[in-house]
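Peer 1: Sharing a structure, written as structure tokens. Questions coming.
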Amino acid sequence: MESRTRRQMLRVAAGGAVGAAIGLPALRFTAARAQPASGVATLPLGDTLHLVTVGGTNVVAQTGPGGVVLVDGASGANSQSLLDAVAALPASGPVHTLFNTHWHPEQTGSNERLTASGATIIAQENTRLWLATDITYPWDGQRFEPLPDAAQPNLTFYDEGELDSGVRYGYLRHSAHTDGDLYVHFPDENVLAVGGAASGAGWPLVDWWTGGWIGGIVGTMELLLDITDAGTRIVPAHGTVLTRADLESQYTMYNTIYERLAGLLNSGRGPDEAVAARPTQEFDAQMGPSEEFVRRAFESLWAYLSPDA
Ligand SMILES: [Zn+2]
């Protein structure tokens, strides 16, 4: 039933932009800010809203009289640098709420420290389940141990929710990056934090082992276009802040690639042949080397489009 729902979504997602690859607007989301792995950069998004980039991972911080809301917590190695930078923001205070946009270590490395100081950690329920699971990636053997109980999200949700301050959050249900992706919307500044569901730094990791897939990227782009307007600033987990026009370009690009990969799968091809077919070729100059992205994106179709899925 679940895969049927996803297939129905895909038919909708795949219907829109056939042949639209010609005349693509310039893809400006490829120019990630260059900075050292341990560097910290802050950028104001409003009077009380800031982008703090630590070790290449974006964190959104909202200050207020009641304390600080963070969207993502950087890696464990960068947690102290992040919290020092947050403490130095104007009108800062203790962190009372932390969102985990998904389970990856670059988002959840401050969980233990912040639960110890009494913070609420909000995540979609699937993210909590992954954080309680021993995970080994099949493609490179990388292993992720479960977080200690004390570091787990302590407030999970399925669909959506709202803080007392009016900040809204919701589930990005199409599984672009993982099957626990969430967004957080700050209405006063019209800033939407989306974690790994979009990228401002070239090709994304398609983590199909924990639910992400290329069709989910297409579906998520559609959903994000529904909930943004021309003035919305979209903050991805990595790279530059995006506009709605950037999302439109990304939607067209990923839909084109999705259709090519699905065609290759349907004609019996494998990952090596998908890479050899260069399904991203007109985008590579701006997005960067694509072999790993193509391989993971193709493999991600197995879980969702294979006849026995
Ligand atoms: Zn991630």
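A quick yes/no check of all residues on (1) buried (at least 24 other Cβ atoms within 10 Å of the Cβ); (2) among the charged types (D, E, K, R); (3) within 13 Å of the ligand (Cβ to nearest atom):
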| residue | (1), (2), (3) |
| --- | --- |
| G180 | yes, no, yes |
| V184 | yes, no, no |
| T240 | no, no, no |
| R244 | no, yes, no |
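Peer 1: For region 122-136, name all the residues that are more than 17 Å from Y158 (Cβ to Cβ) and in contact (Cβ under 8 Å) with a residue 12 or more places away in the chain. Walk me through it before giving the result.
Peer 2: Here is the first cut: in region 122-136, the ones more than 17 Å from Y158 (Cβ to Cβ) are 133-136.
Residues satisfying the conditions are T133, D134, I135.
Peer 1: Kindly check whether there is at least one residue in region 166-173 that is open to solvent by 30 Å² or more (accessible area, probe 1.4 Å) and either aliphatic (A, V, I, L, M) or part of a loop (DSSP other than H, G, I, E, B) (or both). Steps first, answer last, please.
Peer 2: Of the residues in region 166-173, the ones open to solvent by 30 Å² or more (accessible area, probe 1.4 Å) are 168, 171, 173.
Now drop any that are not either aliphatic (A, V, I, L, M) or part of a loop (DSSP other than H, G, I, E, B) (or both), which leaves 173.
The answer is yes, given that some residue of region 166-173 is open to solvent by 30 Å² or more (accessible area, probe 1.4 Å) and either aliphatic (A, V, I, L, M) or part of a loop (DSSP other than H, G, I, E, B) (or both).
Peer 1: Right, another one. Do any residues in region 204-227 that are touching a residue at least 24 places away in the same chain (Cβ under 8 Å) and polar (S, T, N, Q) have Cβ atoms under 6 Å from those of residues that are within 15 Å of the ligand (Cβ to nearest atom) and open to solvent by 10 Å² or more (accessible area, probe 1.4 Å), where the two are at least six apart or on different chains, and which pairs are they?
Peer 2: T210/W130
Peer 1: Same structure, new question: Can you find a residue that is farther than 30 Å from A230 by Cα and within 16 Å of the ligand (Cβ to nearest atom) anywhere in region 151-168?
Peer 2: Looking only at region 151-168, we keep the residues that are farther than 30 Å from A230 by Cα, and these are 151-156.
Checking which are within 16 Å of the ligand (Cβ to nearest atom) leaves us with 153.
Checked against the condition, which is being farther than 30 Å from A230 by Cα and within 16 Å of the ligand (Cβ to nearest atom), region 151-168 yields at least one hit.
Peer 1: Can you name the number of the only condition in (1) within 16 Å of the ligand (Cβ to nearest atom); (2) in a loop (DSSP other than H, G, I, E, B); (3) touching a Gly at 6+ places or on another chain (Cβ under 8 Å); (4) open to solvent by less than 40 Å² (accessible area, probe 1.4 Å) that E189 fails?
Peer 2: (1)
Peer 1: Based on this model, can you work out whether R260 counts as open to solvent by 30 Å² or more (accessible area, probe 1.4 Å), out of contact with any Asp or Glu (no Cβ under 9 Å at 6 or more places or on another chain) and modelled with pLDDT of 95 or more? Even if it seems obvious, please write down each step before you answer.
Peer 2: Values: open to solvent by 30 Å² or more (accessible area, probe 1.4 Å): yes; out of contact with any Asp or Glu (no Cβ under 9 Å at 6 or more places or on another chain): yes; modelled with pLDDT of 95 or more: yes.
Yes: the conditions hold for R260.
Peer 1: Cβ-Cβ under 7 Å, sequence separation 6+ or interchain: first residue in region 283-303 and open to solvent by 50 Å² or more (accessible area, probe 1.4 Å), partner part of a helix (DSSP H, G or I). Which pairs?
Peer 2: Listed pairs, sorted by first residue: E291/V275; R295/P271; R295/V275; A303/W208.
Peer 1: Can you tell me which residue is nearest to the ligand (Cβ to nearest atom) among those in region 204-236 that are farther than 22 Å from Y258 by Cα and either open to solvent by less than 20 Å² (accessible area, probe 1.4 Å) or not in a loop (DSSP other than H, G, I, E, B) (or both)?
Peer 2: Start the filter on region 204-236 by keeping residues that are farther than 22 Å from Y258 by Cα, which leaves 227-235.
Pick out the ones that are also either open to solvent by less than 20 Å² (accessible area, probe 1.4 Å) or not in a loop (DSSP other than H, G, I, E, B) (or both) and you get 227-228, 232-235.
Numbers: I227: 20, T228: 21, T232: 21, R233: 20, I234: 16, V235: 14 Å.
Of everything passing the filter in region 204-236, V235 is nearest to the ligand (Cβ to nearest atom).
Peer 1: Would you check which residues across region 192-203 are part of a loop (DSSP other than H, G, I, E, B) and open to solvent by less than 20 Å² (accessible area, probe 1.4 Å) and list them?
Peer 2: So the first thing to find is which residues in region 192-203 are part of a loop (DSSP other than H, G, I, E, B), and the list is 196-199, 201-203.
Answer for region 192-203, where residues must be part of a loop (DSSP other than H, G, I, E, B) and open to solvent by less than 20 Å² (accessible area, probe 1.4 Å): G196, A197, A198, S199, G202.
Peer 1: Output the residue which, of all residues in region 121-140 that are outside any loop (DSSP other than H, G, I, E, B) and open to solvent by 50 Å² or more (accessible area, probe 1.4 Å), is nearest to the ligand (Cβ to nearest atom).
Peer 2: Taking region 121-140 and keeping what is outside any loop (DSSP other than H, G, I, E, B), we get 121-131, 135-136.
Then keep just the ones that are open to solvent by 50 Å² or more (accessible area, probe 1.4 Å); that gives 128-130, 136.
Details: R128: 16, L129: 16, W130: 11, T136: 16 Å.
If we take residues in region 121-140 being outside any loop (DSSP other than H, G, I, E, B) and open to solvent by 50 Å² or more (accessible area, probe 1.4 Å), then W130 is nearest to the ligand (Cβ to nearest atom).
Peer 1: I've got another one for you. How about region 208-246: which of its residues are touching a helix residue (DSSP H, G or I) at 6+ places or on another chain (Cβ under 6 Å) and closer than 14 Å to Y304 by Cβ?
Peer 2: W208, T210, W213, I214, G215, I217, V218, G219
Peer 1: Right, something else. Take region 147-161 and flag every residue that is part of a loop (DSSP other than H, G, I, E, B) and under 25 Å from V194 (Cβ atoms).
Peer 2: The initial filter retains those residues of region 147-161 that are part of a loop (DSSP other than H, G, I, E, B), namely 147-148, 152-154, 158-159.
Correct list: L147, Q152, P153, N154, Y158, D159.
The values are calculated or read from the model by the stated rules, or taken from the named source; none is laboratory data. What you see is a predicted model, and the numbers here were worked out from it, not measured in a lab. Don't worry about glycine lacking a Cβ; one is built from the backbone with ideal geometry, like all the others, and counts go over all protein chains shown. In case anyone asks, the SASA skips ligands and DNA or RNA and just uses the protein heavy atoms, side chains included. Shrake-Rupley method; radii C 1.70, N 1.55, O 1.52, S 1.80 Å.
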